[in-house]
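This report concerns only the one structure given below.
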Amino acid sequence: MRLNKSIVACAALGIAVLPLIATTTEARSARSDERALDAIGYFTKTPTNKVERLSDAIKAGKNPLTNDSRFAYLPTLLRTLGINASTQSMVFSKTSLQIAHISPSNPRALYFSDDIYIGYIPGSDIVEVSVADPVLGGVFYTFKNRGSSAPSFNRQTYECLQCHDGALTNGVPGHTVRSVHPYPDGQVDFSSGTHIISDATPHSERFGGWWVTGKHLALNHEGNAFVRGSGGMDNPLRANRTPEKLPAGMIDLKDYMSGTSDVVAQLILQHQTVVHNRITAVTFGTTLALADDASIGESLGNKPGELLGSTLSRIRSSCDTLLETLFFVDEAPFPAPIDGNKRTMIDFVKQGPRDPNQQTLRQLDLRTRLFRYRLSFLVHSDGFRQMPLQARSYCWIRIKAALTNTDDRLTAKLDASERKTIHEILHATEREFRDAPTDIHQWKPVGLTSK
């Protein structure tokens, strides 16, 4: 069968954070409501993200990228998009249509920021790019890295949504991370089951199909391992204990930007892909609810701006699911302390806003959990800040109430000191948090501020 080139490129791109192409039935279940896609303008609106702006600059003859003899445009592409090479995470399972390029000795390297994902495979001319767009959700591109006199981005739509808009992505265009059981050649044993990764996933069920590096890590997981014989997993790096760096003889590390596939980077990756999808679900769900409300309200003779109770209920429901993820309500505890690559951790923590005491939601714990302060740093993201006002205002009120009250289920695991510190960070960095009341009964459908 001859495959459409755009589909091949998209599949490679799509699993930039997805080590599995879903089956047709699975991928197409729980798809976005077509009315939501139309209401959002997924196929008609121009995305508003850093990749789109870079693409426009290149088309206008203002190309900031330079060609490197080893990696072509990749190094300057990462720098221009604000992505640190220390986020490098390697997937070696053959779960892309570019299977000819992928193997345990030639894995796909992923690099990411808070909202952009880059997939690079040695031997491929294409770099995979995807973005958590603040309005459209997951937006996918291919980038011509080699074999062209000038770099270029090509947005992919319908083809990518075949896998990246369904049950795996919370029913919206998005991303996901999955754990699989690979054979020594990278092929996947689908019969043994797979895991979609979230904060709630036990660590023993994570990282399958990925190389994982760290330091002093006594953590049992499915990474760095292959299916052998009739069953069981065999780890060439010895009993799932994670090395500080990958052995040079296993992978030709000169083909990669880093010698690590860091465990901390991958844990952050696993967290943020779920949050992105749930932010998108709030944006899509609220947009569609408001469109339905306008139609129904007009027929009922309601005043403009007067929202139906059913509309408010739909908004609250999608927001409550997001809030549970933001507060790590179901986070699986670490069975043992984790220590990753120091460069990875430094690069991550130094980003983002801080309060006057230099406290930040990006501070890591790594003893019993991922973050020191259990409210996701993605409340500072463009995606969260640009959610529809009706949803955003509800979230800020609930966040403030949860940090103020001692018996709120969202912060049941947080002691008074942790709640206080999160409150201080948000008060210093987010105006809408400062302006929000603490009583959810004061939620006004028109929001706290004008958008």
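Okay, here's what the table says:
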quantity: Residues being in contact (Cβ under 8 Å) with a residue 60 or more places away in the chain, buried (at least 20 other Cβ atoms within 10 Å of the Cβ) and in a loop (DSSP other than H, G, I, E, B) - total across region 174-193; calculated: 6
quantity: Some residue of region 374-387 being assigned to a helix (DSSP H, G or I) and polar (S, T, N, Q); calculated: no
quantity: Considering residues of region 96-124 that are among the hydroxyl-bearing types (Ser, Thr, Tyr) and within 19 Å of Gln187 (Cβ to Cβ) only, the residue surrounded by the most Cβ atoms within 10 Å (Cβ to Cβ); calculated: Ser96
quantity: Residues of region 263-288 that turn out to be within 19 Å of Ala332 (Cα to Cα) and either polar (S, T, N, Q) or not in a helix (DSSP H, G or I) (or both), as a count; calculated: 4
quantity: Residue that is farthest from Ser93 (Cα to Cα) [pool: residues in region 208-220 that are modelled with pLDDT of 80 or more and touching a strand residue (DSSP E or B) at 6+ places or on another chain (Cβ under 8 Å)]; calculated: Gly214
quantity: Odd one out for Leu375 among (1) in the same structural domain as Leu410 (by TED's automatic domain parsing); (2) modelled with pLDDT of 95 or more; (3) touching a His at 6+ places or on another chain (Cβ under 9 Å); calculated: (3)
quantity: Pick from region 289-322, criterion charged (D, E, K, R) and not in a loop (DSSP other than H, G, I, E, B), ranking: nearest to Ile40 (Cα to Cα); calculated: Asp292
quantity: Tabulated pairs, region 279-305, first under 13 Å from Glu34 (Cα atoms), second part of a helix (DSSP H, G or I) and of a type in the set (Val, Ile, Thr), C-beta under 7 angstrom, 6+ apart or interchain; calculated: Phe284/Ile40; Thr287/Ile40
quantity: Arg398 being assigned to a loop (DSSP other than H, G, I, E, B) and in contact with a helix residue (DSSP H, G or I) (Cβ under 9 Å, 6 or more places away or on another chain); calculated: no
quantity: Some residue of region 301-318 being modelled with pLDDT under 95, of a type in the set (Val, Ile, Thr) and out of contact with any Cys (no Cβ under 6 Å at 6 or more places or on another chain); calculated: yes
quantity: Hits in region 46-95 (condition: in a strand (DSSP E or B), buried (at least 18 other Cβ atoms within 10 Å of the Cβ) and more than 19 Å from the chain's Cα centre (by Cα)); calculated: Ala72
quantity: Qualifying residue in region 315-329 (condition: surrounded by 15 or more Cβ atoms within 10 Å (Cβ to Cβ), within 20 Å of His221 (Cα to Cα) and touching a Ser or Thr at 6+ places or on another chain (Cβ under 8 Å)); calculated: no
quantity: His441 vs. criteria in a helix (DSSP H, G or I) and at pLDDT below 95; calculated: yes
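So that you can scan it fast, the table gives a plain yes or no per residue for (1) farther than 30 Å from Leu307 by Cα; (2) buried (at least 17 other Cβ atoms within 10 Å of the Cβ); (3) modelled with pLDDT under 95:
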position	(1), (2), (3)
Ala336	yes, no, yes
Asn341	yes, yes, yes
Phe348	yes, yes, no
Ala402	no, yes, no
Arg434	no, no, no
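The values are calculated or read from the model by the stated rules, or taken from the named source; none is laboratory data. Computed from a predicted model, the values in this text were never measured in an experiment. We place every Cβ from the backbone using ideal geometry, glycine too, and count neighbours over all the protein chains shown.
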